[in-house]
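What follows is a short report on a single structure.
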Amino acid sequence: MNSTIRTTLCAALVAATATVAHAQQPFDGLKDAYEGFFKMGVAVNQRNIADSLQSALLVQNYNSITAENDMKPEPTEPSEGNFRWDAADRIANFCRKNGLRMRGHCLVWHNQIGRWMFEGENGQATKEELLQRMRRHIHAIVSRYRDVVYCWDVVNEAITDDPRADNPYRPSTLYQIAGEEFIEKAFVYAHEADPDALLFYNDYNETDPVKCERICQMVERMKARGIPIHGIGMQGHYNIHYPDSALLEAAINNYRRVVDHIHVTELDIRANREKGGQLQFSRTVEADVDSLDALLTAQYTRVFDVFRRHADVIDCVTFWNLSDRDSWLGADNYATPFDTQYQPKPAYYGIRDWR
Ligand code: XIL
C-alpha cells in the first residue's frame with residue numbers, strides 16, 4: 001500500500017470510529033451535553049422531588065437546582081421572626097443527597113414578601129426598620145443553606161419596565177421606604193452571611209435595550225461603590241418569536257462588560273407574543289398547533305447557540321419548571337423541554353444534540 005492510500009484509509013477509519021463512538025455514547029442528559037460550557041439547571045416544586053420518575057429526570061439532566069417558590073421571602077418568613085424551613089429544607093436535602101448545588105432564589109423581591117416587612121407602628125415602617133428586618137431575614141436563610149447554595153439572586157426585579165420613566169427604579173414599597181439603599185444593603189448583608197456565595201442581580205425583559213442599559217448602569221454604580229455584586233441574572237422569559245439572536249447577543253455583550261458572571265436564571269419560551277416576569281399572562285397559543293414543536297425547537301436552538309458562544313461568561317442556564325405540567329405559565333404555553341407526561345419534546349433533543 002502506498003503511503004497516500006494508507007493515510008487516506010487511516011483518516012477514513014478515524015472518522016468512522018469517531019462516528020460510531022458518538023452514536024454509541026449518546027449524552028446522558030442536558031448537563032452532559034453542556035459539560036465544559038455551563039451548568040444546566042431547573043426550578044423545582046415539591047412534587048418534582050417527591051416523585052421518583054420526576055426526580056430521576058432531574059438528576060439525569062440537571063446539575064443546578066432552584067427552588068421555584070420555597071426559598072422566597074414570604075414562604076420562609078411569613079411573619080416577623082417566624083421562620084418556616086420545611087419546604088426549603090426538603091429541596092436542600094434532596095440536593096445534598098444527590099450531590100446537586102443550588103441557586104438561591106431570592107432574598108429581596110417586591111412580590112412574595114410578607115406585608116409585615118413594610119409595616120411600622122404608625123403606618124409604614126421606617127427605613128431603619130426595613131433594613132434591620134431584611135438583614136435578619138437574609139442572614140437566617142443564607143447561613144442555613146451555605147453548604148448547598150453556591151449563588152443567590154439577592155435582589156429581584158428592581159428596575160422599572162417603563163422606558164420613559166425618569167427614575168430607573170421600580171416604584172415598589174421597598175424603594176419608597178429605602179430608596180436604592182435597599183438594593184445595596186441586600187448585597188452587603190448576603191455577603192456578610194456567606195462571603196463565598198456569588199451574588200446576582202436578577203431581572204426580566206433583560207434583552208430590552210433600555211432596561212438592559214439601566215441594569216448595567218445600576219450594577220456599575222454599585223461596583224464603583226464597592227458593593228459585593230458578582231453577576232447578572234437574565235431571567236429569560238421569552239417566546240417563540242422573541243428575542244432574535246441579535247437582540248439576545250447585544251444584551252449579553254452589554255452585561256459581560258460589567259460582570260464576570262452571567263446566569264440565565266428562568267428560561268422558558270411561550271407559544272404567543274408575551275414575555276417577561278409579570279405575574280399576569282395569558283394561556284393563548286398564537287401559533288398553528290401543528291407547527292408549535294418546530295417553532296419551539298427553533299427558538300430554543302437559537303438561544304442556546306448564542307449562550308454557547310458566550311460560555312466563557314455564562315456559567316449556568318436554568319429552565320423555569322421541569323415540564324409543561326409544572327410550568328407557571330400553564331401547559332398551553334408549551335414552554336418547557338418536557339411535555340405534561342414528562343416525555344422529552346423535540347425541543348429537548350434540539351437543545352441536547354447540538355454537536
Ligand atoms: C413564579 C412562580 O413560578 C409561581 O409559581 C409563583 O406563583 C409566582 O412566581 N420571576 C421570578 C420568579 O423571579 O420567582 C417567578 O416565579 C416568575 C417570574
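A few notes on this one:
- Rounded to the nearest angstrom and listed largest first, the equivalent-ellipsoid semi-axes of the range 250-355 from its Cα gyration tensor are 24, 16, 13.
- Karplus-derived 3J(HN,Hα), 6.51/-1.76/1.60, for each residue of the range 178-188, Hz, glycine and proline x: 10, x, 5, 4, 5, 6, 4, 5, 4, 5, 4
- Theoretical FRET efficiency, 1/(1+(r/R0)^6), r = Cβ-Cβ of LYS223 and SER79, R0 45 Å, to 0.05: 0.80
- Restricting attention to the chain, close to 15% of DSSP beta bridges with both partner residues there are antiparallel.
- Local net charge near HIS139, Cβ-Cβ under 10 Å (Lys/Arg +1, Asp/Glu -1): +1
- Point-charge dipole on Cβ atoms (K/R +1, D/E -1) for the chain, about Cα centre, debye to 20: 800 debye
- Relative pair counts by distance (%), Cα atoms of the range 97-198, 5 Å bins: 2, 12, 22, 22, 17, 13, 7, 3, 1, 0
- Between the range 178-205 and the range 133-152, the C-alpha centres lie 11 angstrom from each other.
- Computed from backbone phi, the HN-Hα couplings of the range 260-277 come to 8, 10, 10, 10, 8, 9, 8, 5, 7, 10, 7, 9, 9, 9, 7, 8, x, x Hz, rounded to whole numbers (Karplus: 6.51 cos²θ - 1.76 cosθ + 1.60, θ = phi - 60°; Gly and Pro given as x).
- Ordering of 308-319, 46-57 by burial proxy (mean other Cβ atoms within 10 Å per residue, highest first): 308-319, 46-57
- Solvent exposure of the chain, expressed per residue, is 43 Å² of accessible area, with all protein chains present and a 1.4 angstrom probe.
- Cα-based Kirkwood hydrodynamic radius, the chain, one decimal, Å: 21.4 Å
- Using the Cβ of ARG221 as centre and a radius below 13 Å, the other residues enclosed give a net charge of -2, where K and R count +1 and D and E count -1.
- Residue (of GLN235, ALA190, CYS212) at the positive-pole extreme of the range 144-300, dipole from beta-carbon charges: ALA190
- Diffusion coefficient (Stokes-Einstein, Kirkwood radius over C-alpha pairs, 10 °C, 1.306 mPa s) for the range 24-103: 117 µm²/s, rounded to a whole number.
- Each pair of Cα atoms in the range 146-284 enters the Kirkwood radius, and Stokes-Einstein at 25 °C and 0.890 mPa s then converts it into a translational diffusion coefficient of 157 µm²/s.
- Under 13 Å from LYS345, Cα to Cα: aspartates and glutamates that are on another chain or at least 8 residues apart: ASP293, ASP324, ASP353
- Surface calculation, 1.4 Å probe, protein heavy atoms: GLU220 sits at approximately 100 Å² accessible.
- Rounded to the nearest 0.05, the FRET efficiency derived from the C-beta distance between ARG256 and ASP166 at R0 = 25 Å is 0.35.
- Förster radius 51 Å - calculated FRET efficiency between ASN93 and ALA246 (Cβ-Cβ, nearest 0.05): 0.75
- DSSP beta bridges confined to the range 230-339 are antiparallel in about 10 percent of cases.
- Other residues with beta-carbon under 14 Å from the beta-carbon of ALA331 carry, at +1 per Lys or Arg and -1 per Asp or Glu, a net charge of -1.
- Amide N of the range 84-121 lying under 17 Å from the label point, which is placed 7 angstrom from the Cα of ASP51 along Cα→Cβ: 91
- Per-peptide average of other Cβ atoms within 10 Å, ordering 258-264, 31-37 highest first: 258-264, 31-37
- Across the accessible surface of the range 200-307, with the other protein chains kept in place and a 1.4 Å probe, carbon and sulfur atoms take up 49 percent.
The values are calculated or read from the model by the stated rules, or taken from the named source; none is laboratory data. All values derive from a computational prediction rather than experimental measurement. FYI the Cβ positions are ideal-geometry reconstructions off the backbone, even for glycines, and counts take in every protein chain you see. SASA here: full protein model, heavy atoms, side chains in, ligands and nucleic acids out. Shrake-Rupley method; radii C 1.70, N 1.55, O 1.52, S 1.80 Å.
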